[in-house]
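Engineer: Structure provided below as C-alpha cells; questions to follow.
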Amino acid sequence: MYLDRFRLDKDLAVITGGGRGIGLATAEAIGDAGARLVIIEANEAVGKEGHAHLKAKGYDVELFQGDVTSSTRMTEIADELAARGSAATILVNNAGIGESGVPSEAVTDEQWLRMMDVNVNGVFWCSRAFGRHMVAARHGAIVNVGSMSGTIANRPQPQTPYNVSKAAVHHITRSMAAEWAQYKVRINAVAPTYIETPMVHANPLNKDRIPGWLADTPMGRMGQVHEVASAILFLASDAASLMTGAVMPVDGGYICW
C-alpha cells in the first residue's frame, strides 16, 4: 500500500532545466516511478544530451526547447500538451541560475534583473501556464526548487540577488499553495544545500569556499543530485498527499546552526 503511493504511472511530469544536474536526476526519479516525462531546456545542446540520456535508460520522454523567462513559450508548451489530451499533472520548477561573489553595492541592474527573471519570473510563468490546466482538472502537484539560501544568508560569498530570488520562490510556493488547495493542486518546494552539480563546480572560486561550507554543515558534506531528486519525487507523489505550502530542507542540517 505505502510503496504504491509513490507510483506515478498515470502522470505526465514536466521538468524545467531537465537536461542536467538536479533536473536530470529528478527526471530519472520521476521516470522510475512510472511517469511520462517532458523536459524543457533553454540550451538546445544540453536538452538533447539530457533527452538522449533518458531515452537510453528507457524512459518515455519528450524534449521541448524553451526559456522559462518567456511566458509566451511556457504557455505554448502547456497548451500544446493539453490539446493532445495529456496536460501535465506534475510540474517541477527546477530551471534556475546562481551567481555569487558580487557584493550588493557592486551588483548591476542587469545582474539583478536577470536573476529575478529566471529564478522568480520563470517559476511563476511556468506555474501559471501549467497550473491553469491542473486547476481546471482539479488535480496536480507542483514542486519548486528553492534553496536554503532563501532562509539564510550564505558565507563567505556575498549573493544577495540569489538569496532574495530563492526567498521569493519559497513565498510563491506558500501563496499559490494556499490559493490552489481548493482545486486539489498541491504546491511544495525543496530547499537544498550546496549540491555537487556542474553549476557549482564551474565557478573556480568555489574551490576555496567549499571547506568553509562543509564546516557550517552538521553532516559535513555537500549533497548529491539524487538526494534532492528523491525529495522531489516524494513531494510530487501521493505519499505527500497532506502536504502543501511546505518548504522542505534538504541541506545536511545547514539551517540548524
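Engineer: Output the residues belonging to segment 34-53 that are more than 18 Å from the chain's Cα centre (by Cα) and not basic (K, R).
Structural biologist: Correct list: G34, E44, A45, E49, A52, H53.
Engineer: Has segment 201-208 got any residue that is closer than 22 Å to R20 by Cβ and touching a residue at least 40 places away in the same chain (Cβ under 8 Å)?
Structural biologist: Of segment 201-208, the ones closer than 22 Å to R20 by Cβ are 201-207.
Checking which are touching a residue at least 40 places away in the same chain (Cβ under 8 Å) leaves us with 203, 205.
Checked against the condition, which is being closer than 22 Å to R20 by Cβ and touching a residue at least 40 places away in the same chain (Cβ under 8 Å), segment 201-208 yields at least one hit.
Engineer: Can you name the residue in segment 105-134 that is within 24 Å of R7 (Cβ to Cβ) and surrounded by 24 or more Cβ atoms within 10 Å (Cβ to Cβ) and is also farthest from the chain's Cα centre (by Cα) among such residues?
Structural biologist: M134
Engineer: Looking only at residues in segment 1-24 that are under 16 Å from N144 (Cβ atoms) and aliphatic (A, V, I, L, M), which one is surrounded by the most Cβ atoms within 10 Å (Cβ to Cβ)? Step through it out loud before you land on a result.
Structural biologist: Step one: filter segment 1-24 for residues under 16 Å from N144 (Cβ atoms), giving 13-18, 21-23.
Now drop any that are not aliphatic (A, V, I, L, M), which leaves 13-15, 22.
Working: A13: 29, V14: 31, I15: 37, I22: 27.
Here the residue is I15.
Engineer: Still on this model: Could you grab me the full set of residues in segment 92-116 that are modelled with pLDDT of 95 or more and among the acidic types (D, E)?
Structural biologist: E105, D109, E110
Engineer: Could you name every one of the helices (runs of 4 or more DSSP H) located completely within segment 183-257 that has at least 2 residues being out of contact with any Cys (no Cβ under 6 Å at 6 or more places or on another chain) and crowded, with 18+ Cβ neighbours inside 10 Å?
Structural biologist: Details: elements: 198-201, 206-215, 225-236.
Where helices (runs of 4 or more DSSP H) fall fully within segment 183-257 and carry at least 2 residues being out of contact with any Cys (no Cβ under 6 Å at 6 or more places or on another chain) and crowded, with 18+ Cβ neighbours inside 10 Å, they are 206-215, 225-236.
Engineer: For segment 2-40, give me each residue that is of a type in the set (S, T, N, Q) and under 11 Å from A95 (Cβ atoms).
Structural biologist: Passing the criteria: only T16.
Engineer: So, one more: Taking segment 28-55, which residues are closer than 18 Å to A240 by Cα, touching a residue at least 40 places away in the same chain (Cβ under 8 Å) and in contact with a strand residue (DSSP E or B) (Cβ under 8 Å, 6 or more places away or on another chain)?
Structural biologist: Once the filter is applied, which keeps residues that are closer than 18 Å to A240 by Cα, touching a residue at least 40 places away in the same chain (Cβ under 8 Å) and in contact with a strand residue (DSSP E or B) (Cβ under 8 Å, 6 or more places away or on another chain), segment 28-55 yields I30, A35.
Engineer: Go through the residues of segment 84-104 one by one and say whether even a single one is surrounded by fewer than 19 Cβ atoms within 10 Å (Cβ to Cβ) and under 13 Å from the mean Cα position of the chain (by Cα).
Structural biologist: Yes - at least one qualifying residue is present in segment 84-104.
Engineer: Within the bounds of segment 171-178, is there any residue that is within 20 Å of V14 (Cα to Cα) and among the small types (G, A, S)?
Structural biologist: Yes, that holds for at least one residue.
Engineer: Of all residues in segment 210-257, which are under 18 Å from R174 (Cβ atoms) and among the aliphatic types (A, V, I, L, M)?
Structural biologist: A231, I232, L235, A236, A240, L242, M243, A246, V247, M248, V250, I255
Engineer: Scan segment 28-65 residue by residue and report those that are surrounded by 19 or more Cβ atoms within 10 Å (Cβ to Cβ) and within 25 Å of M115 (Cα to Cα).
Structural biologist: V38, I39, I40, E41, A42, V46, G47, G50, L63, F64 - these are the residues of segment 28-65 that are surrounded by 19 or more Cβ atoms within 10 Å (Cβ to Cβ) and within 25 Å of M115 (Cα to Cα).
Engineer: Considering segment 147-182 alone, what residues qualify as being part of a loop (DSSP other than H, G, I, E, B), touching a Pro at 6+ places or on another chain (Cβ under 7 Å) and buried (at least 20 other Cβ atoms within 10 Å of the Cβ)?
Structural biologist: S147
Engineer: Still on this structure, please answer the following. Collect the residues in segment 1-24 that are in a helix (DSSP H, G or I) and more than 11 Å from the chain's Cα centre (by Cα), keeping them in residue-number order.
Structural biologist: Selection gives L3, D4, R5, F6.
The values are calculated or read from the model by the stated rules, or taken from the named source; none is laboratory data. Note that this is a predicted model, so its numbers are computed, not measured. Here Cβ is always computed from backbone atoms with ideal geometry, including for glycine, and neighbour counts include all displayed protein chains.
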